[in-house]
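Read through the structure below, which is laid out as structure tokens, and then see the notes.
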Amino acid sequence: MPRKASTMALCLTEEVRATLSALARSRTAPAHHVERSAIILHLAEQRDATAIAATLRIDRQRVARCARRVIAVGPLKAIGDLPRSGRRREISEAARTWLIGEACVKAKERGYPHEVWTLRLLAAHAREHGSAAGHACLAELAPSTVYQALNSQPVKPHKVRYYLQRRDPAFEERKAEVLEVYAAAEMLRQIPEADRPVAVLSYDEKPGIQAIATTAPDLSPKPGRHATMQRDHEYQRLGTLTLSAAVDLVSGIVHHVMTPRHRSREFIAVLERLDAQYPVGMLICLLLDNHSAHCSRETKRFLASKPGRFELVFTPTHASWLNYVETFFSKVARSVLRRIRVVSKAELADRIRRFIDACNAAPVLPNWRYGLTPQPQAQAA
């Protein structure tokens, strides 16, 4: 005998019916949301599953599953997918904790030559030693499972992030001296150039600038073959140069010297050039780092020969970021030195010199704000 069609008693409020009707007519909603909304509306009319399936041209089982979902969670929640149990966790929580503990120990302390763990190494270690630690579920541990276990933790023992330990006991005092130099430079800008008693400069060296030559000519872009300029992988090293630069923090002018090395004699040559550049009797204040050439006996002897002419303010140890000239060196590296190729060291020096001349033609006034601008205080809740 044919099975008797069954219907369900479903009452919808006007608000729910309006929501389902709008969703059933939608052209942008997910297809299964549109289909389930139409099924629920038909169920509310007390139509049986077979008739609904025929009207919507779908399988009867889909109508039955939707009806069971409506009974379980209600008409609106039945539109979406119900939460599923998911795949059962393959390793126990105790085994996971043991695995994280092993990852927190350096691999070399477990007898491996590695400094830090790799996923494959940690998985192999867990497969070999997990059972002896009472975690038989780790016998077939895969690297992907190790990744999931480590990635779900707030700590990442398998990764290394570098930091710099503060080694200067007088860091705060020396930083304050540096900030006073920048504050003085801003004040000097308000004084006419002829009346300025002090010249304030930020100085440093950029050593090891490589003069690199190509071994084959560069190829211009060609449509259909290579859209970019083509350059041969091989190159020839022609030596290195050192760029010594002093940025005037008041005017923005860059004073520079190109030398093969950066010893005391090269630093003294820079001081002699600055001595000749600025008027006699003007104090020249140099902000610089603690390089040995800046504190050598030769340098001190030269400074003693010109009393009252130079004043050196040293940045704290490992605090080159407090020296404005590093900003200029970054600009040089990102522009004129980027992928540069030359035929000689002389060409390298000439191109850097022409770049600095272009910068001096339209100098940019240094705008130092760290430590000089008061930080906004957080408002109390």
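The values are calculated or read from the model by the stated rules, or taken from the named source; none is laboratory data. Please read all numbers here as calculations on a predicted model, not as lab measurements. Glycine gets a Cβ as well: all are built from the backbone with ideal geometry, and neighbour counts include every protein chain shown. Only protein heavy atoms, including side chains, enter the accessible area calculation; ligands, DNA and RNA are left aside. Shrake-Rupley method; radii C 1.70, N 1.55, O 1.52, S 1.80 Å.
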Qualifying residue in the stretch 161-174 (condition: in a strand (DSSP E or B) and either loosely packed, with under 11 Cβ neighbours inside 10 Å or in contact (Cβ under 8 Å) with a residue 60 or more places away in the chain (or both)): no
Given (1) within 16 Å of Asn323 (Cβ to Cβ); (2) open to solvent by 40 Å² or more (accessible area, probe 1.4 Å), number of the condition His256 does not satisfy: (2)
Val257, sole failed condition from (1) in a strand (DSSP E or B); (2) touching a residue at least 24 places away in the same chain (Cβ under 8 Å): (2)
In the stretch 224-244, the residues that are touching a helix residue (DSSP H, G or I) at 6+ places or on another chain (Cβ under 8 Å) and small (Gly, Ala, Ser): Gly239, Ser244
Arg65 open to solvent by 80 Å² or more (accessible area, probe 1.4 Å) and assigned to a helix (DSSP H, G or I): yes
Failed condition for Ala124, given (1) touching a residue at least 24 places away in the same chain (Cβ under 8 Å); (2) open to solvent by 30 Å² or more (accessible area, probe 1.4 Å); (3) under 16 Å from Glu140 (Cβ atoms); (4) not in a loop (DSSP other than H, G, I, E, B): (1)
Qualifying residue in the stretch 74-94 (condition: in contact with a Leu (Cβ under 6 Å, 6 or more places away or on another chain), hydrophobic (A, V, I, L, M, F, W, C) and at pLDDT 90 or above): no
Some residue of the stretch 356-371 being charged (D, E, K, R), within 24 Å of the chain's Cα centre (by Cα), outside any helix (DSSP H, G or I) and within 27 Å of Glu180 (Cβ to Cβ): yes
Number of the condition not met by Val155 [criteria: (1) more than 30 Å from Val16 (Cα to Cα); (2) surrounded by 12 or more Cβ atoms within 10 Å (Cβ to Cβ); (3) β-branched (Val, Ile, Thr)]: (2)
Any hit, the stretch 208-218, residues being within 30 Å of Ile268 (Cα to Cα), touching a Phe, Trp or Tyr at 6+ places or on another chain (Cβ under 9 Å), open to solvent by less than 40 Å² (accessible area, probe 1.4 Å) and outside any helix (DSSP H, G or I): yes
Among (1) at pLDDT below 90; (2) open to solvent by 70 Å² or more (accessible area, probe 1.4 Å); (3) not in a helix (DSSP H, G or I) - the single one Gln190 does not satisfy: (1)
Residue list for the stretch 227-249, restricted to those being open to solvent by less than 10 Å² (accessible area, probe 1.4 Å) and of a type in the set (Val, Ile, Thr): Thr242, Val247
Residue list for the stretch 335-373, filter: of a type in the set (A, V, I, L, M), closer than 30 Å to Asp232 by Cα and open to solvent by 70 Å² or more (accessible area, probe 1.4 Å): Val343, Ala346
